[in-house]
Amino acid sequence: MRRPVATRLPVAVATAVTAAAIGVALPTPQASAAVGSATGYATQNGGTTGGAGGQTVRATTGTAIHAALCGRAASSTPIIIEVEGTINHGNTAKVSGASCNTAAGVIELKQISNVTIVGVGAGAVFDQLGIHIRESSNIIIQNVTVRNVKKSGSPTSNGGDAIGMESTVRNVWVDHVSLEASGGESEGFDGLFDMKDNTQYVTLSYSTLRNSGRGGLIGSSESDRTNGFVTFHHNLYENIDSRTPLLRGGIAHIYNNSYVSLHESGINSRAGARAKVENNYFKNSKDVLGTFYTS
């Protein structure tokens, strides 16, 4: 495996990095009704309210989630979908309708807006099944676990991303979630939290990302620089190889996070990216902040 070549970031890119901050709050994901309001960059560009004010629907299968989306009067009609139980390939089918564009084998939030998905009751687990946000806006995802999503092997879902956003996405708040894998790319997994192709105004808060080769990225390549305005706060990254996150272009604010056992590299700001990094805690980790894997 190629070893990273580190370049020290200028003060304008990384400020106030704390190697051992006192009092960094760890995330505590739990199943409950949607609470609180969006923070960080998700509050900009008109704000992120999800399905506030809309109908509340309970779903125990992926098909029921799709049916709730497709049952709205329009693709922008607000809706809150409360999810309980295990969502997997066996119970997630494509549902058709004028207000949705879904697919089997993935929770497809495509060409829609004003949606909240929140785990309730005993909890919601998306098992080997990713959440795909595409050409959509004003989305909230809270209190769920997404685990073991693969891009190769069987079964596959969402290109191997636990939560993936791409193709003109605006205003997404992901809060109190647990994103997990059981290995890296050689085991068939990809990123836990990826943003590509013009994704902007996103916040990830009070969440846990663990046991993966790749934590997540902003920008799919050195030339994909249309993403940005992303806030990461009060998250725990644990047992991750790299990308916590990787920024290819874009602007990010990264604060009050905990990083434990980063094996190759951590916050990787490159290709013109700008990151304000402050009050984070690093333990047993390598190359926690810099510009890696690029000239």
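Below, the figures for the structure above:
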{"read-out": "Residues satisfying the stated conditions in region 95-142, i.e. out of contact with any helix residue (DSSP H, G or I) (no Cβ under 7 Å at 6 or more places or on another chain) and part of a loop (DSSP other than H, G, I, E, B)", "value": "98, 101, 103, 104, 111, 135, 136"}
{"read-out": "Residue match in region 249-269 (condition: open to solvent by 30 Å² or more (accessible area, probe 1.4 Å), under 24 Å from residue 159 (Cβ atoms) and in a loop (DSSP other than H, G, I, E, B))", "value": "yes"}
{"read-out": "Subset of region 102-112 [under 10 Å from residue 136 (Cα atoms) and open to solvent by less than 20 Å² (accessible area, probe 1.4 Å)]", "value": "109, 112"}
{"read-out": "Cβ pairs under 7 Å, 6+ apart, first in region 51-71 and within 14 Å of residue 103 (Cα to Cα), second open to solvent by 10 Å² or more (accessible area, probe 1.4 Å) and among the hydroxyl-bearing types (Ser, Thr, Tyr)", "value": "70/96"}
{"read-out": "Residue count, region 49-84 (criterion: in a helix (DSSP H, G or I), under 24 Å from residue 35 (Cβ atoms) and open to solvent by 20 Å² or more (accessible area, probe 1.4 Å))", "value": "1"}
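The values are calculated or read from the model by the stated rules, or taken from the named source; none is laboratory data. A quick note: this is a predicted structure, and the numbers were derived from the prediction, not measured. Every residue, glycine as well, gets a Cβ built from its backbone with ideal geometry; the counts of neighbours run over all protein chains shown. The protein model used for the area step is the full one, side chains on, heavy atoms only, and it has no ligands, DNA or RNA in it. Shrake-Rupley method; radii C 1.70, N 1.55, O 1.52, S 1.80 Å.
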